[in-house]
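Trainee: One structure is given below, represented as structure tokens, and several questions about it will come after.
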Amino acid sequence: MVVILKENPNKTQLDSLVKWLENKGIEIHPTVGVHQTILGLVGDTSAIDIDLLNALDIVEDVKRIQEPYKNANRKFHPTDSVVKVGNTQIGGGTLTLIAGPCSVESEEQICSVARSVKASGATILRGGAFKPRTSPYSFQGLRDEGIRLLKVAKEETGLPIVTEIMDASQLDLFEDVDMIQVGARNMQNFELLKLLGHVDKPILLKRGLSATYEELLMSAEYIMAGGNMNVVLCERGIRTFETYTRNTMDVSAVPVLKKLSHLPVVVDPSHSGGRSALVPALSCAAVAAGADGLIIEVHNDPSRALCDGPQSLRPEVFDSLAKKLRVISDVCRSSVNEEEAV
Ligand code: PEP
Ligand code: MN
């Protein structure tokens, strides 16, 4: 971090700034020019509030050189993280398929979808019990009953389950849930993120509708700063000026997030495209870009789904897509290995 001071800074204020930074373990390297003095700050500056520095009378400007996140940063953790979810994992050179309905609707529905996605190669079952809906009049999810039914499906199929938490008060219900999803709308619910930092379960953190990569990584940092290192990042499409698709899948998010961070990255092509016909192409693109997994909505009867039917795949479509994705994944991973060997 570099702090550019105003001309002729007040000596007392400068001394107290230097002391404050040194107390935080920061080494200071001043460069004194004719008109301006620059302080080079060396050390772990991730915990320094840039706005606090900027607000000081003697400070002209502050520039960050290092990213403001540390735990999520690949610089401090060069190897890829692998996150364990029940009896399976995300990351580490495998392609993980997470599939299931947008919402849990009945025992018959969740168990039948769970059986079919498992047969197609999915290793984690998704299903919403608490649903963040735009309208308060839309189906809000079966709530605790939804979690109970997910557990029934888990018992029957052996698939670990992932479901969304919307509020800290729901946490007790998640005891037997294998992975907790933080939805796009809650990506910056910092109190919830802090709470999940103290939970011994992997977290699927979805990118907010208009969040930058850095904002997503700072949200991951909130969880990791509490001690929970098991975070998986999820690109689920962002808001753009385009209205044809529900969101715009940002395929660049995969290589960029994997460059900046060691955390696994999965992609949600369902909420990106918002239309089932787009899901296969978006899924293929995400895998080719290097995603560690996909989270795909699958429903046994999409036309009658209580939530997100238009973007849900029928089980047989998911089955043929899963086969294709394995081929793409194998080709892309072997070509990456060959490049590394050269
Ligand atoms: C979901 O996964 O069903 C969901 C609501 O996702 P998002 O938070 O990405 O909109
Ligand atoms: Mn959905």
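Trainee: List, largest first, the extents of the alpha carbons of the range 2-63 along their principal axes, each in whole Å.
Mentor: Sorted from largest, the Cα extents of the range 2-63 read 29, 22, 21 Å.
Trainee: Sticking with this structure for a sec: For the chain, give the magnitude of the charge dipole about the Cα centre (Cβ charges: +1 Lys/Arg, -1 Asp/Glu; no others), in debye to the nearest 20.
Mentor: 520
Trainee: Please find, in a Gaussian network model of the chain (springs between Cα atoms separated by less than 10 Å), the residue of 52, 95, 278 whose mean-square fluctuation is greatest.
Mentor: Answer for the Gaussian network model of the chain: 52.
Trainee: Assuming a ≥ b ≥ c are the square roots of the Cα gyration tensor eigenvalues, decide whether the range 83-341 counts as rounded (a/c under 1.5), prolate (otherwise, with a/b larger than b/c) or oblate.
Mentor: rounded
Trainee: When the helix-only estimate is applied to the chain (DSSP H runs of n ≥ 4, each -39,500 (n - 2.57), divided by the residue count), what is the mean residue ellipticity at 222 nm, nearest 500 deg cm²/dmol?
Mentor: Mean residue ellipticity at 222 nm (helix-derived): -10500 deg cm²/dmol.
Trainee: Something else now. Just to make sure I understand: if all protein chains stay in place, what is the order of 249, 179 by accessible area at 1.4 Å, largest first?
Mentor: If we order 249, 179 from most to least accessible, we get 249, 179.
Trainee: Compute the distance from the alpha-carbon center of the range 171-209 to that of the range 58-86, in whole Å.
Mentor: Value for the Cα centre distance between the two parts: 20 Å.
Trainee: When the accessible area of the chain is split by element with a 1.4 Å probe, what percent falls to carbon and sulfur?
Mentor: Here carbon and sulfur together make up 53 percent of the probe-accessible area.
Trainee: Kindly flag which residue pairs out of 6/194; 118/258; 201/258; 63/194; 70/323 have an alpha-carbon separation exceeding 32 Å in this structure.
Mentor: Over 32 Å Cα-Cα: 6/194; 70/323.
Trainee: Under 15 Å between alpha carbons, and skipping anything fewer than 8 positions from residue 131 in its own chain: which aspartates and glutamates qualify?
Mentor: The reachable aspartates and glutamates, counting only those whose Cα sits under 15 Å from residue 131, are 105, 144, 145, 164, 167, 297, 308.
Trainee: Another question, if that's okay. Name the residue farthest towards the positive end of the dipole of the range 83-341 from the options 288, 124, 192, assuming +1 on Cβ of Lys and Arg, -1 on Cβ of Asp and Glu, about the Cα centre.
Mentor: Result: 288.
Trainee: Scan around residue 85 for amide H atoms under 5 Å from its own, H built in the peptide plane at 1.01 Å from N, and keep only partners 5 or more places away or cross-chain.
Mentor: For residue 85, whose amide H was placed from the backbone, the distant partners under 5 Å are 90.
Trainee: Give me a comma-separated list of calculated 3J(HN,Hα) values for the range 45-57, in order, Karplus coefficients 6.51, -1.76, 1.60 applied at θ = phi - 60°, integers in Hz, x for any Gly or Pro.
Mentor: For the range 45-57, the Karplus curve yields 8, 5, 8, 8, 7, 4, 5, 4, 5, 4, 7, 5, 4 Hz.
Trainee: While we're looking at this one, here's another question. Students often check this: by mean Cβ neighbours within 10 Å, which of 99-110, 187-198 ranks highest, and how do the rest follow? Don't skip to the answer; put the middle values down first.
Mentor: On the way: 99-110: 23.4, 187-198: 17.9.
Ranking the peptides 99-110, 187-198 by packing returns 99-110, 187-198.
Trainee: Per residue, how much accessible area does the chain show when a 1.4 Å probe rolls over the protein heavy atoms, in square angstrom?
Mentor: Values: 15960 Å² over 342 residues.
Result: 47 Å² of accessible area for each residue.
Trainee: Residue by residue, what Karplus-based ³J(HN,Hα) values in Hz, rounded to whole numbers, does the range 324-331 have, using 6.51, -1.76 and 1.60 with θ = phi - 60° and x for Gly and Pro?
Mentor: Result, rounded to whole Hz: 5, 5, 4, 5, 4, 4, 4, 5.
Trainee: I'd like to compare 296-306, 31-41, 168-178: which one has the highest average count of other Cβ atoms within 10 Å, and what's the full order after that?
Mentor: Going from most to least packed, we get 296-306, 168-178, 31-41.
Trainee: Counting just the Cα atoms, what span does the range 108-214 cover along each of its three principal axes? Round to the nearest Å and put the largest first.
Mentor: 37, 34, 27
Trainee: Amide H to amide H under 5 Å from residue 163: which residues, 5+ apart in sequence or cross-chain, H placed 1.01 Å off N in plane?
Mentor: Here 179, 181 satisfy the definition.
The values are calculated or read from the model by the stated rules, or taken from the named source; none is laboratory data. Bear in mind the structure is a predicted one, so any value in this text is a computation, not a measurement. Backbone-built Cβ (ideal geometry, glycine too); neighbour counts: all protein chains shown. Side chains are part of the model used for accessible areas, which takes the heavy atoms of the whole protein and leaves out ligands, DNA and RNA. Shrake-Rupley method; radii C 1.70, N 1.55, O 1.52, S 1.80 Å.
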